[in-house]
Amino acid sequence: MRALLIFFCILPCKNSLAIDSEKHALSLENMVVTESIDNTDLFMDRPYSGNIFVLQEIEEHGIESVQEVTREIPNFNFFDAGRRSLYSILTVRGLTNTAIFSEPSVVFYIDDVPYGSTSSYSNRLSAVESIEVYRGSHGHLFGKNSYAGLFNVHSEKPENKINTHLSASYARFNSWATEGHVDGALIKDKLFFSLGGAYAHSDGYMYNSFLNNTPDEENHISGHGSLSWQPSVNWNIKLMVNGDDFKDANPHYSALSSDDPLEIQSDENGKLEQHSNMQALRINYQHDSLEFLSVTTRRDWQLDPFFIDFDFNPTPFLTSQLTQRQTQWTQEFRLSSKETDINWSIGAFFSTEDNEFSRDSRIYGSTVGSQTSMLEVYNYALFSNLTFNIS
C-alpha cells in the first residue's frame, strides 16, 4: 500500500513538469564555437620540429623568464644550480652544455638579438607576444648556431594608442613582485616607444642558526626601453636597451651532513650579485618579395661578487670568492624571400666575446689559491636555406 501511495503521488508531478517544459521550450539558433587563441603554428607547414606559444598562452602559463619556458617543452630539461641562470645546464634530447665556459646548447634570440652563454640567461621576459621553440640545430636559419635547440622570442609591437599594464603579487617568505609596462606612439604611424620595469624581493626560506637570520634574501630590479622609427611603409629602425640587477645573498647551498637541509651555521653571509645591460640596433626592410634584416648588439654581463662560506659552520675555515665578466658584440645580416612555394634565405654572422674570470680561496682568512683567466671567442658564419613545398 505504501509503494502504491508513493507511485500515485509522483505520477501527477511528472506529468505537470512535462507539460510545463513544453510550454517554455525554446528554439536556439545554430552556434559556431571557434578557438580564441591566434596560434598560427609555423611548424605545421615547415620542415622544422618545435612549438610556438602566443600571448594568451604565455600569460596563462605564467612565463616570466627564459628559464620558465622550459617547463612547457617536452624532452627539455633545465638544471637549476640555485644561482639563477649561473652555471645552469640545459638539455634537449640528450644534448647539453657544461656548467663553465661551454658553448650554449640552447641559444636565445629576443627580438632578433642573440644572447651569450647560459650563465647570462637571467633576463626577465616582459611584454612578450610569442615564443618559438626550435628543436635541434638551426644554423641554416640563425647566425648564432646551437646544437640542441633555439628559442626565438618576439615582443609586443606598440600601436598608435597608449597601452599600459601593471601587476603585483605576494607570497610566503615576504616574497613580492611588481611589474609595469607602457607603450604607444610619439608620432602617429611614425615613431613608437616602449618602456617597462620590474622589481622583486624575497626574504628567503633558509635559516642561519649561528647568525640568526635568513641568509638567502633575493632582490631583482630590471628595466627595458625601445624606440621604433618607421620612415616609410617598407622600413623600420628600432633601438633597444635593457638592464638587470640581481642582488642576492647566499645561494641555496647547505652541508650534506646537516639534519635540516634548509639550515646552515655559517659565520659569514654569502653574496651573489649579477648585473647586465644590452644595447641593440635593429634595421628591417620589407618588400613585396623579400625581407632584409640587420641587427647590431652589445651586451655586458658581470658576476661581482659571488662569495660563499663553503664549510657551512661557525669556524672561519674555507671561503671562496669569484668574479666574472662577459662582454659580447654581434652583427647579423639576413636576406630572405616572402612566403611562397619556394622559400630561401641567406645570411652572415659575426661575434666577439671577452670573458674575464678570477677566483680566490681562503683558509682561516689566508689566501691558499688564486686563479685568473681570460678567454676570447670569435665566431664567423655564413648560412643559407632553401625550402620547396611539394604539396
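Observations on the structure shown:
- With 32 Å as the limit, the listed pairs Lys157/Lys271; Lys144/Lys247; Lys190/Lys247 have Lys157/Lys271; Lys190/Lys247 beyond it between alpha carbons.
- Where only DSSP H runs of four or more residues are counted, the chain gives -2500 deg cm²/dmol as its mean residue ellipticity at 222 nm, each run worth -39500 (n - 2.57).
- Segment 282-360: GluC sites (Glu not before Pro) in DSSP loop, at most 11 other beta carbons within 10 Å: Glu339
- Paramagnetic reach from Asp189 (point 7 Å along Cα→Cβ, amide N under 13 Å) across segment 222-245: 230-234
- Each 10 Å bin from zero up to the one holding the largest Cα-Cα distance in segment 83-190 carries the following percent of pairs: 12, 33, 28, 22, 5.
- The residues neighbouring Asn234, those whose beta-carbon lies less than 13 Å from its own, together hold a net charge of -1 under the Lys/Arg +1, Asp/Glu -1 convention.
- For the chain, the relative contact order comes to 9 percent (Cα pairs under 8 Å, sequence separation of at least 6).
- Rg to Rh quotient for segment 157-264, alpha carbon positions, Kirkwood Rh: 1.24
- Accessible heavy-atom area order of Asp245, Asp260, highest first, probe of 1.4 Å: Asp260, Asp245
- Accessible area of the chain belonging to carbon and sulfur atoms, whole % at 1.4 Å probe: 57
- 14 Å beta-carbon shell around Val295, net charge (K/R +1, D/E -1): +2
- Other residues whose C-beta falls under 12 angstrom from the C-beta of Tyr109 contribute a net charge of -1, scoring Lys and Arg +1 and Asp and Glu -1.
- Proportion of all alpha-carbon pairs of segment 276-380 beyond 17 Å (%): 68
- Note that the chain carries a Kirkwood radius of 24.7 Å, evaluated over its alpha carbons pair by pair.
- Per residue, in Å², the accessible surface of segment 94-251 once ligands and nucleic acids are set aside, probe 1.4 Å: 45
- Working from Cα pairs under 8 Å separated by at least six residues, relative contact order for segment 100-205 is 21 percent.
- Rounded to the nearest 10 Å², the accessible area of Ile363 at probe 1.4 Å: 60
- Straightening the chain between Trp235 and Ser137 buys 32.2 nm, computed as 0.36 nm per residue apart minus the Cα-Cα spacing.
- Of the residues Tyr170, Phe307, Ala249, the one whose Cα sits farthest toward the positive end of the charge dipole of the chain, with +1 on the Cβ of Lys and Arg and -1 on the Cβ of Asp and Glu, is Tyr170.
- Gain on full extension, evaluated as 0.36 nm per residue between Leu290 and Lys338 minus their Cα-Cα distance, stands at 16.8 nm.
- Working note: Debye formula, equal point scatterers on the alpha-carbon atoms of segment 192-326, no solvent; log10 I(q)/I(0) at q = 0.18 Å⁻¹ is -0.98.
- Taken about its Cα centre, segment 299-352 carries a charge dipole of roughly 220 debye when the Cβ of each Lys and Arg holds +1 and the Cβ of each Asp and Glu holds -1.
The values are calculated or read from the model by the stated rules, or taken from the named source; none is laboratory data. Remember, it's a predicted structure, so these values are computed and weren't measured experimentally. Cβ sites come from the backbone with ideal geometry, for glycine too, and all protein chains shown count toward neighbours. Heads up: the accessible areas ignore ligands, DNA and RNA and are worked out on the full protein's heavy atoms, side chains in. Shrake-Rupley method; radii C 1.70, N 1.55, O 1.52, S 1.80 Å.
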